[in-house]
Amino acid sequence: MRVIWNIGANTFREAIRNRVLYIILVFAFFFILGSRFLGSISVGQDVKIIKDMGLAGISLFAVLVAIFVGTSIVYQEIERRTIYTILSKPVRRREFVIGKYLGLCMTLATVVAAMTVVLGLQLWLVGAGFDLSFLVAISLTLAELFVITSVAVLFSTVASPLLSAVFTFCFYIIGHTIRNILGLLQFVDSDIVRRFLSGIYFVLPNLDNFNVHREVVHGLPLAWPAIGYSLGYGVAYSALMLTLAALALGKRDF
Amino acid sequence: MDDAIVLKGLRKSFRTGVRMEPKEVLQGLDLRVRPGSIFGFLGPNGAGKTTTIKTVVGLVRPTAGQVTVFGHPAGTAKAAELLGFLPENPYFYEYLNPAETLNFYGGFFAGSRAERRELVEELLDKFDLQTVRNQRIKTFSKGMRQRLGMAQALVGRPQLLVLDEPMSGLDPIGRHRIKEAIRDAAERGITVFFSSHILADVEDLCSEVGLLLSGQLAKIGSLEELLVNQSQTYLLQFDRVTRDTARSLQSGGLKGKLSGERFLVRTEDPDEVGPLLDQVRQAGGRILAVQPLRETLEEYFVRQAGS
Ligand SMILES: Nc1ncnc2c1ncn2[C@@H]1O[C@H](COP(=O)(O)OP(=O)(O)OP(=O)(O)O)[C@@H](O)[C@H]1O
Ligand SMILES: [Mg+2]
């Protein structure tokens, strides 16, 4: 545990000293604050728009952080050979992977917290509140980010940052449109294509399950069992990705 | 006590190229490094020194054979706890400073935070890094990096130091410092195993050397044993030698070099040395030096590569 924590803390330190992180954060703050001006155009709707755009912004910009920081995180250690000194210490390769992942998750939690504070401030300025369901939505977004990060870490143990970034981004996009694949299936005649599509549906998680923005913005009740299921699925999925990453790293020569 | 390092039938092949054909880089190495010794691991570029070292520290998995560190299989946490490793051209996290770096690496070993702090200060002092302790590694010179690399290798209080070309790329002062650190470690009972292709580095440090040539251990023993050549050369230096004397000295087929009154001549026949000295003395010359020339490592490599 000491080893994992040591690597995690150092990864967090590396990430928060990374300039890219701050560039993304600046854009995120402008995005969240900018929603206010859109809000004031449509009278009465402004709070809903601020909430909607704010939640979407947090999700989008945090995913960018996960992709930009996450995909280079293991690859860079190999490429820059910093992994030589680490792995010659009493550090198991799986501990290294988990530590890196932990550090990324801490980074994302910090980034999301910062954006949440800005959004909260924004809502407070227009006199709107900040309720529990809102925090549930943000926590679910964070859970989704943890899943995406596990995929980014897996890619980064086997591919270059650019490729990993592309793959991870595809994973994110497909994960959010996967519901439509099921809809597509009924129009497909070819058996092979149908199998391929169901294969994708089976392998990739439905990331929409982590999205309760609509319910929160419009004050609809939350479907707790579905949320519980999504969280469980996310944990299992991340664990699988990290196991694969540890196996990929474990077999390698440096 | 177990040997510090044991290699038994160590083989390693890498698959390279488009066809992924295996290329055997290490071809069955057997080696023992006794505890407390300073072992020099010599070999020309590409011989497989780094690959061997990487199997010892667990970065490369052998294709066949065994590697143990004080009896523990290489790559296990037990083995890693006992060794400190300095890679060839060490790389660090550029965004950290030396104090942070040493604290970070120290965090992988047992011990309280206070103990670690103390050790880090000691190492910063020892390797002359106190003045740059808060400076990011990004700005470091080669010499500073190498010193930090040594400090980092010692942060777990190891019983074995594995150093891959610890003195390459350093100026004389830098080399001297690293040598001092190696000697100091050995005095404290730490076994040192280091690779090099420079004779002078090994010469005054090692009790034992191994010579690796294209993946095979060609020789092992003391440096003297290793570099004994069948045809030992002697260099003779004279002064106040006239042109005529020089000519007559060279009449027996020897080739010498006269510059001013200085005369330099080499012979490979020990029986020739005495008569040459007599001849010069009789002609009024002065004897400056008679020096046995040991083969340089370079000559040795070239000779081995030729045979
Ligand atoms: N990961 C790898 N994949 C393929 N070939 C490799 C790999 N690592 C080393 N080699 C090959 O193994 C051989 C030995 O390399 P190694 O780095 O061990 O030599 P060395 O003795 O350390 O040389 P140098 O003195 O230049 O550092 C070289 O021919 C090298 O190309
Ligand atoms: Mg080498």
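The values are calculated or read from the model by the stated rules, or taken from the named source; none is laboratory data. Since we're looking at a predicted model, the values are computed, not measured. Every residue, glycine as well, gets a Cβ built from its backbone with ideal geometry; the counts of neighbours run over all protein chains shown. Ligands, DNA and RNA are stripped out before the accessible areas are found, and what is left, the full protein with its side chains, is counted by its heavy atoms. Shrake-Rupley method; radii C 1.70, N 1.55, O 1.52, S 1.80 Å.
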With every protein chain kept in place and a 1.4 Å probe, the protein assembly as shown has an accessible area per residue in Å² of 48 Å²
Can you compute the modelled spin-label distance between A:Leu121 and B:Ser13, with each label point 7 Å from Cα toward Cβ, in nm?
6.3 nm
Run the numbers on the range A:3-30: which residues show a drop of 10 Å² or more in accessible area, chain on its own versus all protein chains together, using a 1.4 Å probe over heavy atoms?
A:Val3, A:Asn6, A:Ile7, A:Asn10, A:Arg13, A:Glu14, A:Arg17
Between the range B:54-70 and the range B:192-210, what's the alpha-carbon centroid distance in Å?
21 Å
Quickly work out the B:Ser141-to-A:Ile200 label distance, labels modelled 7 Å from Cα along the C-beta direction, and quote it in nm with one decimal.
5.8 nm
If Rh is defined by the Kirkwood formula over all Cα pairs and Rg also comes from Cα, what ratio Rg/Rh do you get for the range B:162-307?
1.11
Say the dipole of the range B:1-138 comes from +1 at the beta carbon of Lys and Arg and -1 at that of Asp and Glu; which of B:Asn89, B:Phe109, B:Phe14 then lies farthest toward its positive end?
B:Phe14
Enumerate by residue number the trypsin sites (Lys or Arg not before Pro) in the range B:150-223 meeting two conditions: DSSP loop (anything except H, G, I, E, B), and at most 11 other Cβ atoms within 10 Å of the site's Cβ.
B:Arg188
Using distinct alpha-carbon pairs, which all enter the 1/r mean, Kirkwood radius of the protein assembly as shown in Å:
28.3 Å
Charges at C-beta only: +1 for Lys and Arg, -1 for Asp and Glu. How large is the resulting dipole of the range A:2-251 about its Cα centre, in Debye rounded to 20?
860 debye
Could you pull the Rg and Dmax for chain B, using just the Cα atoms, both in Å?
24.5, 79
Under a straight-distance cross-link criterion of Cα-Cα below 30 Å, which lysines are reachable from B:Lys12, leaving out those fewer than 8 residues away in the same chain?
A:Lys89, A:Lys100, A:Lys251, B:Lys23, B:Lys49, B:Lys54, B:Lys78, B:Lys219
Rounded to the nearest 20 debye, what is the charge dipole size of the protein assembly as shown about its Cα centre when +1 sits on each Lys and Arg Cβ and -1 on each Asp and Glu Cβ?
640 debye
Which of A:Lys51, B:Lys126 is most accessible, then next, and so on - probe 1.4 Å
B:Lys126, A:Lys51
Might you work out the accessible area of B:Met144 for me, using a 1.4 Å probe with all protein chains in place, and round it to the nearest 10 Å²?
40 Å²
Net charge near A:Ser238: determine it from the other residues with C-beta under 15 Å of the C-beta of A:Ser238, scoring Lys and Arg +1 and Asp and Glu -1.
+1
I need the peptides A:156-169, B:20-33, A:99-112 ranked by packing, meaning the mean over residues of other C-beta atoms within 10 angstrom, with the highest value on top.
A:99-112, A:156-169, B:20-33
How large is the helix-only mean residue ellipticity at 222 nm for the protein assembly as shown, computed as the sum of -39500 (n - 2.57) over DSSP H runs with n ≥ 4, divided by its residue count, in deg cm²/dmol to the nearest 500?
-18000 deg cm²/dmol
Sort A:Ser133, A:Ser35 from largest to smallest accessible area, using a 1.4 Å probe on the heavy atoms of the protein chains.
A:Ser133, A:Ser35
Give, ordered by residue number, each residue of the range A:59-105 whose 1.4 Å probe accessible area is reduced by a minimum of 40 Å² on adding the remaining protein chains to the chain alone.
A:Arg81, A:Thr82, A:Tyr84, A:Thr85, A:Ile86, A:Ser88, A:Lys89, A:Pro90, A:Arg93
Förster radius 45 Å - calculated FRET efficiency between B:Arg117 and A:Asn180, Cβ distance, rounded to 0.05
0.20
With a 1.4 Å probe and all protein chains left in place, how much of the accessible area of chain B comes from carbon and sulfur atoms, in whole percent?
48 percent
Report the local net charge at A:Tyr172: Lys and Arg +1, Asp and Glu -1, summed over other residues whose C-beta lies under 15 Å from its C-beta.
-1
Taking the dipole about the Cα centre of the range B:162-307, with the C-beta of Lys and Arg at +1 and of Asp and Glu at -1, give me whichever of B:Val192, B:Phe301, B:Val162 is farthest to the positive side.
B:Phe301
Residues B:Lys219 and B:Leu288, FRET efficiency given R0 of 25 Å [Cβ-Cβ distance, rounded to 0.05]:
0.15
Just the number, please: Stokes-Einstein D of the range A:2-251 in µm²/s, Kirkwood Rh from C-alpha pairs, 37 °C, 0.692 mPa s.
170 µm²/s
Buried accessible area for the B:A pair, summed, 1.4 Å probe, in Å² rounded to 100?
2700 Å²
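For the range A:110-254, just say rounded, prolate or oblate: build the C-alpha gyration tensor, square-root its eigenvalues into a ≥ b ≥ c, call rounded for a/c under 1.5, and beyond that prolate if a/b exceeds b/c, oblate if not.
Verdict is oblate for the range A:110-254.
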Based on Cβ point charges of +1 for Lys and Arg and -1 for Asp and Glu, what charge dipole magnitude is obtained for chain B about its Cα centre, in debye rounded to the nearest 20?
820 debye
